[in-house]
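Report on the structure given below.
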Amino acid sequence: MTADLNDATLALRLAQGTGEILKGVRNVGLLRGTTLGDAGDTLAQDWIERCLHLHRPDDGMLSEEAADTPERLNKDRVWIIDPLDGTREFASGRQDWAVHIALAENGTITQSAVGMPDLGKVFHTNEVRAVDGPKTNRLVVSRNSPPDIGEFLAHELGMELVTMGSCGAKTVSVILGDNDAYVHAGGQYEWDNAAPVGVAQASGLHTTRLDGSRPTYNNKSPYLPDLLICRPDIAEPLLAAAAKYKQEHGSFGE
């Protein structure tokens, strides 16, 4: 490890730098659509890999944009990253895309950063606090793959259902108090939610899977399909409603 660059600073700078790369690729206007998204993914992944190889050569890595290898399972420290979460949103000019950088130590997220480049902000574990204001009575779910359980929970608790892109963007919306809760079921992997979970936990939000258990990271299978991030004061009724949904449907919709 480079002695003058601690884990928190490294996570923050990786999120900052990746955001600048992605904005640069998009803002010059030479690429569009899937070509733009692919270029952003590739360039951001390459830069992050080079930085980690230089500053944390002994750590493992799990990324959406890199081939997974079993070597990471023998590492106590593993960086879990998604260089560009919300590729569709990024490529279409929306703001609800994010950069995810997380460090898992023995299965637990110890440092993380969620970059929101179009907002000019990085939310990171060493400096984040959830807004403790009046409830909005809104539940946010995926824009591209809204889970059936989301509509069920919103109906059970009398909440308004809203949609957004990136997992990081949805988590940040709860941290900022724009939404009271974020629920997901089906189709997520560790790189999708590791950084958001780390930042949400550090902010004081409730963060579990839909059965109430804590998510763990650097598992052999990175599939981690369900998640609840919410204000602590509404966690109990949301978990109770999720249990009711599972009892009626047999699963959370994974």
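Brief remarks follow.
- Remark: spin-label model distance residue 69-residue 148 equals 4.1 nm, labels positioned 7 Å along the Cα→Cβ axis.
- Residue ranges 183-196, 23-36 sort as 183-196, 23-36 when ordered by packing (mean number of other C-beta atoms within 10 Å per residue, highest first).
- The chain: C-alpha gyration tensor shape, a/c 1.5 cut-off, then a/b vs b/c: prolate
- Helix 33-55 vs. the chain, principal-axis angle (Cα, 0 to 90°, nearest 10): 60 degrees
- Centre separation in Å (Cα based) which lies between region 94-167 and region 7-39: 20 Å
- The Stokes-Einstein estimate for region 74-172, based on a Kirkwood radius over Cα pairs and taken at 37 °C with 0.692 mPa s viscosity, is a diffusion coefficient of 217 µm²/s.
- Computed over the chain with a Gaussian network model linking Cα atoms closer than 10 Å, the most mobile of 105, 49, 71 is 71.
- Dividing the alpha-carbon radius of gyration of region 138-249 by the rule-of-thumb value 2.2 N^0.38 Å gives 0.95.
- With the largest listed first and rounded to whole Å, the semi-axes of the equivalent ellipsoid of region 1-136 from the Cα gyration tensor are 24, 20, 13.
- Among 100, 155, 124, residue whose mean-square fluctuation peaks in a GNM of the chain (springs only between Cα atoms under 10 Å): 155
- Using alpha-carbon coordinates, inclination of helix 148-157 to the longest axis of the chain, degrees: 50 degrees
- Helix 7-27 vs. the chain, principal-axis angle (Cα, 0 to 90°, nearest 10): 90 degrees
- Here the residues 211, 41, ranked from fewest to most Cβ neighbours within 10 Å of their Cβ, fall in the order 211, 41.
- Annotated for the chain: lysine pairs at least 8 residues apart or interchain, Cα distance under 22 Å, count 5.
Coordinate-derived values only; no laboratory data. Remember, predicted model here, so these are calculated numbers, not experimental data. As a convention, Cβ positions derive from the backbone with ideal geometry for all residues, glycine included, and neighbour counts pool all protein chains shown.
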